[in-house]
Every structure is written in C-alpha cells, then in structure tokens.
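Structure record follows, encoded as structure tokens.
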Amino acid sequence: MNPQAAQPLLVVGAGIAGVTAAVEAAEAGRDVVLVERDSAVGGRVLRNHKYFPKLCPPSCGMEINTRRLERSPRVRVLTRCVVTKATKATKATKATKATPATTATSAPATAHGPGAGGGWQVTLTHLPAYVTEACTACGACSEVCPAKVPDPFNLGMSQVPAVRLPFPNAWPRRFVLDRAACPPGCKACVDACPAGAIDLDAVEREETVEVGAVVAATGWSPYPLEKLPELGGGVLPDVISNVQMERLAAPSGPTGGKILRPSDGRPPARVAFVQCAGSRDVNHLPYCSAVCCLASLKQVLYLREQLPETKVDVYYIDRRSPGRNEEMLTRVASLDGVRLIKGKVGKVERDGGGALALRVEDVESGRLLTASADLVVLATGMVPALAQDPLPFAFERDEDGFGRDRIESALVVAGVARRAEDVAASVRDATGAAAKALVAGRRD
Ligand SMILES: Cc1cc2nc3c(=O)[nH]c(=O)nc-3n(C[C@H](O)[C@H](O)[C@H](O)COP(=O)(O)OP(=O)(O)OC[C@H]3O[C@@H](n4cnc5c(N)ncnc54)[C@H](O)[C@@H]3O)c2cc1C
Ligand code: SF4
Ligand code: SF4
C-alpha cells in the first residue's frame with residue numbers, strides 16, 4: 001500500500017465546516033489533525049442566539065458534533081494552535097502552476113505543481129497554554145481574578161475576568177487566561193486553583209506533522225462596522241451590526257438576552273434593518289454574503305418575540321431568501337408593525353431629538369426619503385478568513401478572497417472559506433471536502 005495513504009489529514013479551523021470534515025474523514029477510517037486558533041471548537045455559529053431554518057439554539061447541532069469528536073479516537077483536536085509553516089513533501093516536482101489573472105495565491109510553499117504528489121510537512125505553533133488539561137472548570141480562579149478584559153465572545157460588549165471559561169458550552173471545557181491583562185506580580189489564580197492547572201510561565205512551542213492532504217475551513221469574520229461611518233458604523237452607539245444583534249438577543253450575551261439600545265440601555269421602540277450594508281458595493285464587499293437577508297428576518301422574529309410593540313422597518317435592495325427559507329420571509333412580511341421597504345439607505349445620522357435619521361433612496365422612483373429609528377442594525381457581510389490570513393499553503397483564492405481547491409496539491413477548501421453560505425450548505429460542502437481530501441491524500 002502506498003505509505004501516503006496512511007498519512008493523516010490536516011483540517012485547519014474547527015467551526016461547523018472543519019469539525020464536520022474532520023469527523024467525516026475519521027469515520028471513514030483516516031486519522032485527522034484538527035487545528036483551531038481559538039480555545040474551543042464551534043466557530044462563529046455558536047455566537048448566534050438561534051439559527052435558521054428551525055430557529056433552534058446553535059449549540060444543538062454543535063453538541064452532536066462534539067460528541068462525534070469525543071467518540072472518535074482518530075481526531076486529534078489541537079486548540080490554541082496555528083499553522084506557521086508548510087512545505088510540500090519531496091517527490092518529483094514540476095514547475096509551479098501559473099496563477100490565473102483573476103486569482104491570488106497565498107504565501108508560497110515549495111513544489112506544489114500539478115502531479116507533485118507527496119503530502120505536506122507542516123509546522124504547528126501551540127500558543128502558550130496558561131491553563132492546562134488538568135483544568136476541571138471549577139471556576140475558583142475567575143472568582144479571585146482582579147483583572148477584567150472585553151469579552152471576545154460578546155464582541156467586546158461586556159467585560160469578563162482575565163481567566164474564565166471562554167463561553168458557556170465551550171468544548172474542550174477548559175478555562176482560558178489572557179496573560180497580557182494580568183497586573184505585575186499577580187498569581188491569585190494559581191493560589192486558588194485546586195487542580196494545579198495554571199502555569200503563568202507557559203511558552204509557545206512548535207511541532208512538526210506530516211499530512212497527506214489539507215482542508216482549509218477557516219471561515220469568515222464580519223465586515224468591520226467602522227468601515228461604514230456614513231451609516232453610523234463605529235460612530236453612533238445605536239448603530240450596531242447583525243453579529244452584535246445576535247449577541248444582544250442571546251441569554252449568554254452582554255445584556256442577558258435583552259435587546260436594549262447601547263446608548264441608554266432602554267428597549268428600542270423603532271428598529272431599522274439596513275440590508276447589504278457594505279455588500280454588493282465596489283467600495284466595500286462586491287459580493288452578496290448570501291445569509292444576511294435571512295439573518296435579518298430571523299432577528300425581526302427575535303424582536304417580535306421580545307418586544308411585540310416595537311415597529312420594525314427592513315430596507316433592502318433585493319430580498320434573497322432561497323429555498324425553504326422563503327417561509328420565513330412570508331412569515332415576517334405578514335407581521336403587524338413590520339414593513340419591508342425597497343430602498344437603499346445612504347446615510348444614518350443623529351437627529352435633533354436623540355433618535356437616528358436615515359436617508360433612503362426609493363429604488364424604484366429615485367426619490368430621497370427620510371426615516372427615523374432609535375436602533376439601526378447594519379446587515380454587514382462575511383469576509384473570508386483566507387483573504388486576511390492566507391495560511392502558508394498554496395491555496396488559490398478568487399478575486400474576493402474565497403479559497404479554491406488545488407486537488408493536485410492535496411489542498412481542499414470547506415465551508416465559508418470557499419463561499420458565503422449558511423450552516424446547512426457549509427456542512428454539505430465540508431462532507432464533500434472530506435471525500436476530496438481522502439482521495440487527494442492518496443495520490444502519488
Ligand atoms: C449575522 C449572521 C447570522 C447568521 N445566522 C445563521 C443562521 O441562523 N443559520 C445558518 O445556517 N447560518 C447563519 N449564518 C452563517 C453561519 O455563521 C456560517 O454558515 C458558518 O459560520 C460557517 O461555518 P464555517 O465553519 O465555515 O466558518 P466559521 O464559523 O467562521 O469557523 C471557522 C473556524 O476556523 C477558525 N480559524 C480561522 N482562521 C484560523 C487559522 N488561521 N488557524 C486555525 N483556526 C482558524 C476560527 O477560529 C473558527 O473556529 C449567519 C451569519 C451571519 C453573518
Ligand atoms: S494572574 Fe492574571 S489571570 Fe490570574 S488572577 Fe491574576 S490577573 Fe487574573
Ligand atoms: S484553572 Fe483551576 S481554578 Fe480555574 S477553573 Fe480550571 S481547575 Fe478551576
């Protein structure tokens with residue numbers, strides 16, 4: 001048997017796509033190394049309050065997958081770990097494939113031409129493990145910790161102790177510690193920890209692995225609100241993004257699940273959703289992020305459930321809610337107090353009375369209208385992580401930064417790393433990616 005057939009797969013990114021690709025490949029009999037930059041698996045889905053189409057808590061789908069991970073001795077899960085170097089393992093090499101004009105190639109790796117064969121030699125960097133595997137998640141350290149940091153899980157909208165569980169259903173269930181926030185000389189957590197699980201002197205370490213194929217499942221980040229100052233993004237406190245709205249509505253969020261205006265902590269009486277905020281716009285993201293329309297409709301339902309008297313306007317250019325999600329559109333459109341308005345919002349500013357004024361172009365007549373709201377939610381798009389952090393492999397990327405497979409180099413892309421899509425599509429895509437990687441990893 002070709003020795004390479006036995007080489008493990010490397011999956012980078014443990015969101016829903018990466019975890020799916022890893023367990024599918026493992027259940028097909030291949031060893032997998034699953035590398036995740038954060039301290040727990042799950043990716044961005046876990047930051048949602050509920051997820052469509054069924055509007056169930058996002059932990060439901062993830063719990064099934066973490067159980068599959070727990071049951072699978074073939075998957076080695078490495079959290080707080082990144083890929084820092086990759087070299088195509090030696091085998092006869094041909095010239096590097098020319099990069100088409102419309103694609104960008106990520107950081108160069110050696111010998112990745114078609115038919116090069118061989119796997120990849122990969123350097124993994126383990127970020128310092130200030131809290132070790134001995135942690136039992138008892139919480140004693142958090143209770144004594146004097147330092148507070150903005151909570152990354154809540155997008156900085158609340159403060160948490162420097163040592164804490166990263167989020168309620170975190171897996172692995174282990175605390176994390178932001179060393180940079182510790183006052184000099186403090187070791188209160190070390191003294192409080194009954195398990196001896198805290199090592200304030202931990203250092204980074206490297207490890208080299210040989211893998212047969214690589215799946216990039218590095219997902220996305222939200223388009224920064226600050227890049228939309230004309231819509232009040234980063235300037236007006238009551239202009240928030242769709243991802244912030246998910247955290248405001250979530251019981252584990254900064255307000256305990258109450259949808260409140262950031263400026264005064266009061267429930268909003270009029271909410272405006274601005275669709276395609278920075279998407280399908282050559283000055284920002286030229287593409288449609290595919291899920292933002294449905295995400296806003298879902299958020300209208302959060303408001304309806306919690307604040308039934310609140311008036312809601314959704315400004316859109318085109319409504320995109322394909323397939324069975326059409327049902328949600330019909331449901332939202334029929335709600336009292338909710339208006340779906342075909343109009344492009346060009347400006348959001350403070351009006352005289354403490355509310356927000358929206359300047360809207362009526363798309364059909366071209367007339368300019370003014371509307372008012374006291375909370376504005378910008379439906380910002382998804383930016384592929386590969387656009388900002390290309391990984392040290394020879395992945396091709398399209399003009400928007402989404403990744404493309406290079407099967408001949410045993411490189412496969414999965415989930416939103418490939419295209420903007422929802423969870424169901426990411427899972428389907430990841431299952432296909434696992435199959436492609438299993439085959440590509442056997443080539444010689
Ligand atoms: C506002 C909003 C609401 C949404 N609501 C829904 C919904 O209700 N239903 C639905 O189906 N979809 C929804 N989506 C879409 C959904 O979030 C995506 O489909 C899903 O996150 C895709 O999963 P993924 O695994 O591809 O990416 P991600 O969730 O982004 O996971 C990628 C993982 O890779 C890790 N990673 C990144 N770079 C590296 C690196 N260099 N090294 C190691 N690890 C790395 C990240 O830390 C992360 O854990 C919503 C999207 C938005 C914007
Ligand atoms: S050492 Fe750091 S994490 Fe530990 S208690 Fe002190 S401030 Fe908190
Ligand atoms: S680090 Fe120690 S004190 Fe903190 S939760 Fe883990 S076991 Fe408990």
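Test of understanding: what is the full-extension gain from Ala195 to Ser365, defined as 0.36 nm times their sequence separation minus their Cα-Cα distance?
Extra length available between Ala195 and Ser365 comes to 54.4 nm.
Spelling out what I want: for every residue of segment 275-285, take phi, set θ = phi - 60°, compute 6.51 cos²θ - 1.76 cosθ + 1.60 (Karplus), and round to whole Hz; glycine and proline get x.
Karplus values, whole Hz, x for Gly and Pro: 6, 6, 6, x, 9, 6, 9, 4, 7, 10, 9.
Angle, helix 423-440 long axis vs. longest principal axis of the chain, Cα atoms, 0 to 90°, nearest 10?
It works out to around 20 degrees.
Rounded, prolate or oblate: which fits the chain, taking a ≥ b ≥ c as square roots of the Cα gyration tensor eigenvalues, rounded meaning a/c under 1.5, else prolate when a/b beats b/c? Numbers along the way, then the final one.
Details: a/c = 2.06, a/b = 1.34, b/c = 1.53.
It is oblate, given that a/c is not under 1.5 and a/b is not larger than b/c.
What is the set of long-range amide H partners of Phe273 at a cut-off below 5 Å, with H atoms built 1.01 Å from backbone N?
Residues meeting the criterion, in which the H sits 1.01 Å from N, are Asp313, Val314, Tyr315, Val377.
Calculate the spin-label point distance for Ala424 paired with Glu326, positioning each point 7 Å from the Cα along the beta-carbon direction, and give it in nanometres.
1.3
Provide the net charge surrounding Glu24, with neighbours chosen by a C-beta distance below 12 Å and charges set as Lys +1, Arg +1, Asp -1, Glu -1.
Summing Lys/Arg as +1 and Asp/Glu as -1 gives +3.
What does DSSP give for segment 224-380 in terms of the percent of beta bridges that are antiparallel, rounded to the nearest 5?
Restricted to segment 224-380, the bridges split so that about 40 percent are antiparallel.
Quick check for me: using +1 on Lys/Arg Cβ and -1 on Asp/Glu Cβ, what's the dipole size of the chain about its Cα centre, in debye to the nearest 20? Write down the numbers at each step before the final one.
Working: 54 positive and 48 negative charges, 130 e Å.
Computed charge dipole of the chain: roughly 620 debye.
By DSSP, what percent of the beta bridges with both residues in the chain are antiparallel, rounded to the nearest 5?
Working: 42 of 77 bridges.
Bridges in the chain are about 55 percent antiparallel.
Using only Cα atoms, find the angle between the long axis of helix 16-27 and the longest principal axis of the chain, and express it within 0 to 90 degrees, rounded to the nearest 10.
Between helix and principal axis, roughly 30 degrees.
Go ahead and estimate [θ] at 222 nm for the chain from helices alone: -39,500 (n - 2.57) per DSSP H run with n ≥ 4, summed, over the residue count, rounded to 500.
About -6000 deg cm²/dmol.
In terms of modelled amide H atoms, which long-range or inter-chain residues lie less than 5 Å from the amide H of Val11?
Amide H neighbours of Val11, under 5 Å, 5+ apart: Val33, Leu34, Val35, Val215.
Could you rank the peptides 276-286, 159-169, 130-140, 292-302 by their average count of other C-beta atoms within 10 Å per residue, with the highest value first?
Per-residue mean Cβ counts within 10 Å order the peptides as 292-302, 159-169, 276-286, 130-140.
If each residue of separation counts as 0.36 nm, what is the full-extension length gain between Glu133 and Lys148 once their alpha-carbon separation is subtracted?
Taking Glu133 through Lys148 to full extension adds about 3.1 nm, to one decimal.
Could you give the nm distance between label points at Ala28 and Ser372, where each point is 7 Å from its Cα heading toward the beta carbon?
Going from the Ala28 label point to the Ser372 one covers 5.9 nm.
Taking 0.36 nm per residue of sequence separation and subtracting the Cα-Cα distance, how much length would be gained by fully extending the chain between Ala140 and Cys288, in nm to one decimal?
48.7 nm
Helix 292-306 versus the longest principal axis of the chain: what angle, 0 to 90°, nearest 10, using Cα atoms?
Its long axis makes an angle of about 60 degrees.
In whole Hz and in residue order, list the ³J(HN,Hα) couplings for segment 197-212 that follow from phi through the Karplus curve 6.51 cos²θ - 1.76 cosθ + 1.60, θ = phi - 60°; x for Gly and Pro.
9, 10, 10, 6, 9, 4, 10, 5, 9, 10, 8, 10, 10, 9, 10, x
Can you list the residues, at least 5 places off or on another chain, whose amide H is less than 5 Å from the amide H of Ser372, using H built in the peptide plane?
Amide H to amide H, under 5 Å and 5 or more residues apart or across chains, Ser372 pairs with Leu358.
Could you tell me which of rounded, prolate or oblate describes segment 263-346, using a ≥ b ≥ c as the square roots of the eigenvalues of the alpha-carbon gyration tensor, with rounded for a/c under 1.5 and, failing that, prolate when a/b is larger than b/c and oblate otherwise?
The shape class here is oblate.
Can you compute the label reach from Thr123? Point 7 Å from Cα along the Cβ direction, backbone N cut-off under 17 Å, restricted to segment 380-399.
Answer for this model: 390-394.
Calculate one ³J(HN,Hα) per residue across segment 163-173 by plugging θ = phi - 60° into the Karplus curve 6.51 cos²θ - 1.76 cosθ + 1.60, and present them in order as whole Hz with x for glycine and proline.
10, 6, 6, x, 6, x, 9, 4, 9, x, 7
Where does the Debye-calculated log10 I(q)/I(0) of segment 224-380 sit at q = 0.13, 0.17, 0.20 Å⁻¹, using only Cα point scatterers of equal weight, no solvent?
Relative scattering, expressed as log10 I(q)/I(0), comes to -0.55, -0.99, -1.42.
We did not get these values from a lab; they are worked out from the coordinates using the rules stated. On a predicted model such as this, the values are computed, not experimentally measured, just so you know. So basically every Cβ, Gly included, is an ideal-geometry build from the backbone, and we count neighbours across all protein chains shown.
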